[in-house]
1. Please report the Cα spread of the stretch 12-61 along all three principal axes, rounded to whole Å, starting with the longest.
2. Between residue 22 and residue 63, how many nm apart are label points set 7 Å from Cα along the C-beta direction?
3. Suppose we keep just the DSSP beta bridges with both residues in the stretch 12-61; what percent of those would be antiparallel, to 5?
4. Arrange the following residues from fewest to most other Cβ atoms within 10 Å of their Cβ: 23, 16.
5. So if each residue of separation counts as 0.36 nm, and I subtract the Cα-Cα distance between residue 35 and residue 55, what length gain in nm does that give?
């Protein structure tokens, strides 16, 4: 895990395999690394940014993720 420039802390950033070998840097929702493991399935969720007009993409474990 690593941090991205201008990223609020504490935050967790990771290399995420999207599909067909495409790897992107992504930011996890939350800051507790204890529930994360290499190779786990993730799901993208939209998080409203201040002002409510734009959204950020955050990743959560696929198990137990809110729909």
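All of the numbers you see were taken from the coordinates with simple rules; none came from a lab. What you are looking at is a predicted structure, and each value in this text was computed from that prediction instead of being measured. Note that we place each Cβ from the backbone using ideal geometry, even for glycine, and neighbour counts take in every protein chain shown.
1. 34, 27, 14 Å, listed from the longest principal axis down.
2. Calculated label separation equals 2.7 nm.
3. Taking every DSSP beta bridge within the stretch 12-61, about 95 percent pair in antiparallel fashion.
4. 23, 16
5. Numbers: separation 20, 0.36 × 20 = 7.20 nm, distance 2.42 nm.
Extra length available between residue 35 and residue 55 comes to 4.8 nm.
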